[in-house]
Amino acid sequence: MIRVVLWDFDGVIIDSMAVRDQGFRQIFNCYPTGMVEDLIRYHRQNAGLSRFHKIRYFYTHILGKEITDEKVYDYAEQFSQTMRKILINHQYLIDETIAYIEKNHTYYQFHIVSGSEEKELNYLCQELGIDQYFKTIEGSPMPKKQLVENILKVYGYDRSESILIGDSINDYEAAVENGISFYGYNNPELKVVAERYIDTFRSWEL
C-alpha cells in the first residue's frame, strides 16, 4: 500500500522546461550561443539536477574555466529572479497533475522534492496556491537523493510504502538509491526503468 508520494516539480507539476531554458540563455547571454546551447542540452537531459550543478558544469566542462561558489550563487540568484517573475502564471501548471493532487492530498502524505532552488520553489508554490497540498516543499542546493533520504528519516516513513514520481533519470536514481519505488511521468524514455509509468493522471489511481 502506498502512503507517501514524493513529487518532482518541473515537468510533473509545472511545465517549466522552456522557461528554464530561457533563464540559462539570459544569464549566460555574453557567452557564445553554441556553448550555451550545449548547456541547454545538458539541462534537458538532466532535468532533476540543480541549477547550481548546471552552472558549475557550464564553466568547468563547457567553458573549461574555474568558478567560485560565490559566482555560482550569483548566477543562481539571477536565474531565480527570472523564474519568480514568469512561473507564477497558472498557465504553466500541468492541469491533470494539479487535479489529481487536489483530489488525493488528504489520503496520502505528499512532499515536493525538486532540483529547483528551495526558496524560489516555496515562493512559486505559495503564489500558485498549491503549497497547502504538501507536507514539505524541498529543493536545491541539496541534491535530490539527499532530500529524499532526509524526508524518509525525519518522518520515519516505511520505504515500501513510499514512491517518487518524476520525469528524469535523476529522479529514478534518487529513488533507487533510497530504496523506494520510482513512477515515471511525462518522459516515455523512463518506461524501461520505472516500476510503473503514468501516461495520464486523468484515469490513474495509486
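FYI, it's all coordinate maths here, none of it is from the lab. Since we're looking at a predicted model, the values are computed, not measured. Note: ideal-geometry Cβ built from the backbone for every residue, glycine included; neighbour counts use all protein chains shown.
Within the shell of other residues whose beta carbon sits under 10 angstrom from the beta carbon of residue 120, the net charge comes to 0, with Lys and Arg scored +1 and Asp and Glu -1. Relative contact order for the stretch 118-188: 24 percent, from Cα pairs under 8 Å spaced at least 6 residues apart, divided by residue count.
Of all DSSP-defined beta bridges confined to the chain, some 5% are antiparallel rather than parallel. Relative to one another, the C-alpha centroids of the stretch 130-206 and the stretch 75-100 are positioned 19 Å apart.
Which GluC sites (Glu not before Pro) in the stretch 117-206 sit in a loop by DSSP (not H, G, I, E or B) and have at most 10 other Cβ atoms within 10 Å of their own Cβ? The qualifying sites are 205. Each principal axis of the stretch 126-206 carries a Cα extent, and these read 31, 30, 25 Å when sorted largest first. Calculated mean residue ellipticity, 222 nm, the chain: -13000 deg cm²/dmol, from DSSP H runs (n ≥ 4) at -39500 (n - 2.57) each, averaged per residue and rounded to 500.
Looking at the stretch 34-131, the chymotrypsin sites (Phe, Trp or Tyr not before Pro) that sit in a DSSP loop and have at most 12 other Cβ atoms within 10 Å of their own Cβ are 107. For the chain, relative contact order (Cα pairs under 8 Å, six or more residues apart, normalised by length) works out to 28 percent.
Apply the a/c threshold of 1.5 to the C-alpha gyration tensor of the stretch 17-86 and tell me whether it is rounded, prolate or oblate. In terms of gyration-tensor shape, rounded.
Cβ-to-Cβ counts within 10 Å put 114, 16, 168 in ascending order as 16, 168, 114, the fewest first. Counting neighbouring Cβ atoms within 10 Å and putting the fewest first, the residues 30, 125 line up as 30, 125.
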